[in-house]
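*Asks:* Here it is: the structure, laid out below.
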């Protein structure tokens, strides 16, 4: 009876019952079609059980065909028609792609590369965020949109720009130089402070005044380039805030967000700072074609791994107990190089995985495949011939399932007892060629530890070094090159109270300005680990060493600390050509906790073994486990305190889930004690029985 009631609610009134809570829909481009087609599309969206459409992201010319001449009537019509079919709208400011008339009037609006050449017109994300004309145009269009739709109940919010700070955003124009010099003066106050921070005595780079400061390029002075990266992150954040404030001034209750590109793996903007001013945290999710490997030029393809997708979502959440949005969700082939085929059924399961990590809006991109233009290869909910095929039916099923779940559970958010530290300052430092070891790719190595935790079915937050550490039983600190004294103190306090900590090499070797620490590794971390680092060596990436961890051997690369044990014990030794018999992994009892230290960059199998031991040491017991790499298990809690286990099986076979608690299927109410099974390419959502 309960199941029948829920199904009836979804079928007859899903648009009303979940409005403002969970949104499923598509990116829609009414400017591409006539008004009659808009109504036909709205009818199809309703049939698909969609309840939201995202519009306007690349429609600047359609909104403003000439300077100061605004034509929003087509958008008014689309919003109205969609609303009549129970579909609300997420509107975008169109500032990611400027109209040609703007370029022709202000050619200096384009980004200037480090080579001094302006980007030509013809793509997107090609305007300088510091250009005052561009900023004023952007401010005006944001204000006009907010003013026009501020009282429209069909609008759920605004997305600022599109994939801000992606696609080679750094600019070297005269305006950026002036802004950078001003930024430096505000940060350092005196030129002496700047010279000391940059270490300009080296290579005779000492500056006499702030007007001599230059715009650093990759491979320039590492401290200078680090400041430039932080500067441009601040500029991108300011561009977002500028539009957000323009909207909020007119429509203070309207939700405002921006969609992070690169499947959440953007490094050019500090996402932790963005979360402080964004009403909703959002990212575009392309789990097959866009992974963190894009950061490192890997174009060979990366087989789908659910841990990679959850890693992105946890980066976006940053440890915050807040829902997230996905304004673009992959459904098939993309406009990029096709590295992998999107398996039928994956888009449905990706959306269940998103829901398991607190997602409250998922917008499939796009509704209809484009007939022409830059992204004409993108697969749509329907193709350009308007025929409903398997993708339409799969996404229709997805919308029904997610809305049905929300009716039963309400808002659920993931709960984690483990955390991995990811820091944007460190990201930027590693990006600059020879700052440390050029072959050591920071985020790839951070992911190794996250992946190892997820393979143990341990829920794991990804947080900054400034975050609160007190709620975590296990804290992993991989390659945190700049470890502040405050972070070291908080990490020590967490260990004293009983947290298990994993520290790796490279952590704590520099301060915030990339100056050397008080020892080869900052003394605070060495004392915590119970070791003394007596030497450090780096090795070209194609060469490697061997370590032995109990009966297991594995490859290690890039960086090697030579350690003398003080209060720590040796768990693993180097056993290859370099540093034979010296400690490779150590463990130290500290307060009520333990501290592991990894003196090198080991392969995944060694990281997996270490994480297994550390999880046991921390006394973390996952509510459910599964060893299959294509099974994602999440632990969640709703607003009333009820706990859930969300299992998504991306494999082609039925899988068995081991349980450490009693639970029951929320759909069938079937009770489980020690184990449960989930069908191939399907999900299972269980409520914990108190």
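The values are calculated or read from the model by the stated rules, or taken from the named source; none is laboratory data. The model shown is predicted, which means the values in this text are computed figures rather than measured ones. We place every Cβ from the backbone using ideal geometry, glycine too, and count neighbours over all the protein chains shown.
*Asks:* Only residues that are part of a strand (DSSP E or B) and either in contact (Cβ under 8 Å) with a residue 40 or more places away in the chain or farther than 13 Å from residue 560 by Cβ (or both): list them for the range 575-593, please. So that I can check it myself, show each step before the final result.
*Replies:* If we filter the range 575-593 for residues that are part of a strand (DSSP E or B), which is where we start, we get 583-590, 593.
Scanning the range 575-593 gives 583, 586, 587, 588, 589, 590, 593.
*Asks:* Checking the conditions here, which among 310, 390 is under 30 Å from residue 458 (Cα atoms), modelled with pLDDT of 95 or more and not assigned by TED's automatic domain parsing to the domain that holds residue 469? Break it down into steps so the answer makes sense when it comes.
*Replies:* Details: 390 fails: under 30 Å from residue 458 (Cα atoms).
One residue alone meets the criteria, 310.
*Asks:* Test residue 119 against the criterion of being within 29 Å of the chain's Cα centre (by Cα), closer than 28 Å to residue 278 by Cβ and free of Cβ contacts under 8 Å to residues at least 12 places away in the same chain, and give yes or no.
*Replies:* Numbers: within 29 Å of the chain's Cα centre (by Cα): yes; closer than 28 Å to residue 278 by Cβ: yes; free of Cβ contacts under 8 Å to residues at least 12 places away in the same chain: yes.
Spelling it out, residue 119 is indeed within 29 Å of the chain's Cα centre (by Cα), closer than 28 Å to residue 278 by Cβ and free of Cβ contacts under 8 Å to residues at least 12 places away in the same chain.
*Asks:* Another question about this same structure. Out of (1) out of contact with any strand residue (DSSP E or B) (no Cβ under 8 Å at 6 or more places or on another chain); (2) touching a residue at least 60 places away in the same chain (Cβ under 8 Å); (3) assigned to a helix (DSSP H, G or I), what's the single condition that is false for residue 287?
*Replies:* Of everything listed in (1) out of contact with any strand residue (DSSP E or B) (no Cβ under 8 Å at 6 or more places or on another chain); (2) touching a residue at least 60 places away in the same chain (Cβ under 8 Å); (3) assigned to a helix (DSSP H, G or I), residue 287 misses just condition (3).
*Asks:* Still on this structure, please answer the following. So if I check each of 525, 514, 503, which one is assigned by TED's automatic domain parsing to the domain that holds residue 588, modelled with pLDDT under 95 and under 23 Å from residue 429 (Cα atoms)? Step through it out loud before you land on a result.
*Replies:* Values: 525 fails: modelled with pLDDT under 95; 503 fails: modelled with pLDDT under 95.
None of the other options fit; the residue is 514.
*Asks:* Let me ask something additional. For the range 538-557, enumerate the residues that are assigned to a strand (DSSP E or B) and modelled with pLDDT of 95 or more. Spell out how you get there, then give the answer.
*Replies:* Step one: of the range 538-557, the residues assigned to a strand (DSSP E or B) are 538, 545-549, 552-557.
Of everything in the range 538-557, those that are assigned to a strand (DSSP E or B) and modelled with pLDDT of 95 or more turn out to be 545, 546, 547, 548, 549, 552, 553, 554, 555, 556, 557.
*Asks:* Please go through the range 212-236 and pick out each residue that is touching a helix residue (DSSP H, G or I) at 6+ places or on another chain (Cβ under 6 Å) and in contact (Cβ under 8 Å) with a residue 24 or more places away in the chain.
*Replies:* Correct list: 213, 215, 223, 224, 226, 229, 231.
*Asks:* Same structure again: For the range 120-164, which positions are in a loop (DSSP other than H, G, I, E, B), within 14 Å of residue 95 (Cα to Cα) and modelled with pLDDT of 95 or more? Explain how you work it out, then say what you get.
*Replies:* Just the residues of the range 120-164 that are in a loop (DSSP other than H, G, I, E, B), to begin with: 120-126, 128-131, 150-154, 160-164.
Subset that is within 14 Å of residue 95 (Cα to Cα): 123-126, 128-131, 160-164.
Listed by number, the residues that qualify are 128, 129, 130, 131, 160, 161, 162, 163, 164.
*Asks:* Are any residues in the range 153-173 at negative phi and out of contact with any strand residue (DSSP E or B) (no Cβ under 8 Å at 6 or more places or on another chain), and if so, which ones?
*Replies:* Initial filter on the range 153-173 (at negative phi): 153-156, 158-160, 162, 164, 166, 169-173.
Matches in the range 153-173: 153, 166, 169, 170.
*Asks:* I'd like the full set of residues that are free of Cβ contacts under 8 Å to residues at least 60 places away in the same chain and closer than 25 Å to residue 97 by Cα, limited to the range 38-57.
*Replies:* Of everything in the range 38-57, those that are free of Cβ contacts under 8 Å to residues at least 60 places away in the same chain and closer than 25 Å to residue 97 by Cα turn out to be 38, 55.
*Asks:* Would the range 613-626 turn up any residue that is touching a helix residue (DSSP H, G or I) at 6+ places or on another chain (Cβ under 8 Å) and surrounded by 22 or more Cβ atoms within 10 Å (Cβ to Cβ)? Step through it out loud before you land on a result.
*Replies:* Taking the range 613-626 first, the residues touching a helix residue (DSSP H, G or I) at 6+ places or on another chain (Cβ under 8 Å) are 615.
So of that shortlist, the ones also surrounded by 22 or more Cβ atoms within 10 Å (Cβ to Cβ) come out as 615.
Yes, the range 613-626 contains a residue that is touching a helix residue (DSSP H, G or I) at 6+ places or on another chain (Cβ under 8 Å) and surrounded by 22 or more Cβ atoms within 10 Å (Cβ to Cβ).
*Asks:* Of the conditions (1) out of contact with any helix residue (DSSP H, G or I) (no Cβ under 6 Å at 6 or more places or on another chain); (2) surrounded by 16 or more Cβ atoms within 10 Å (Cβ to Cβ); (3) touching a residue at least 24 places away in the same chain (Cβ under 8 Å); (4) part of a helix (DSSP H, G or I), residue 78 clears all except one; give me its number.
*Replies:* Of (1) out of contact with any helix residue (DSSP H, G or I) (no Cβ under 6 Å at 6 or more places or on another chain); (2) surrounded by 16 or more Cβ atoms within 10 Å (Cβ to Cβ); (3) touching a residue at least 24 places away in the same chain (Cβ under 8 Å); (4) part of a helix (DSSP H, G or I), only one is false for residue 78: (1).
*Asks:* Looking at (1) within 24 Å of residue 444 (Cα to Cα); (2) in contact with a strand residue (DSSP E or B) (Cβ under 7 Å, 6 or more places away or on another chain), which is the only condition residue 368 fails?
*Replies:* (1)
*Asks:* Would you be able to tell me the number of residues in the range 102-143 that are closer than 22 Å to residue 374 by Cβ and touching a helix residue (DSSP H, G or I) at 6+ places or on another chain (Cβ under 8 Å)? Write out each step before concluding.
*Replies:* Our first condition is that a residue be closer than 22 Å to residue 374 by Cβ; within the range 102-143, this holds for 102-104, 107, 109-111, 113, 117-129, 134, 137-138, 141.
If we keep only those that are touching a helix residue (DSSP H, G or I) at 6+ places or on another chain (Cβ under 8 Å) too, we end up with 102-103, 109-110, 118, 121, 127-129, 134, 137-138, 141.
Residues flagged as closer than 22 Å to residue 374 by Cβ and touching a helix residue (DSSP H, G or I) at 6+ places or on another chain (Cβ under 8 Å) within the range 102-143 amount to 13.
*Asks:* Here's a follow-up. Here are 653, 669: which of them is surrounded by fewer than 21 Cβ atoms within 10 Å (Cβ to Cβ), on the phi > 0 side of the Ramachandran plot and either touching a residue at least 60 places away in the same chain (Cβ under 8 Å) or out of contact with any helix residue (DSSP H, G or I) (no Cβ under 9 Å at 6 or more places or on another chain) (or both)? Quick ask: steps written out before the conclusion?
*Replies:* Details: 653 fails: on the phi > 0 side of the Ramachandran plot.
So the residue among 653, 669 that is surrounded by fewer than 21 Cβ atoms within 10 Å (Cβ to Cβ), on the phi > 0 side of the Ramachandran plot and either touching a residue at least 60 places away in the same chain (Cβ under 8 Å) or out of contact with any helix residue (DSSP H, G or I) (no Cβ under 9 Å at 6 or more places or on another chain) (or both) is 669.
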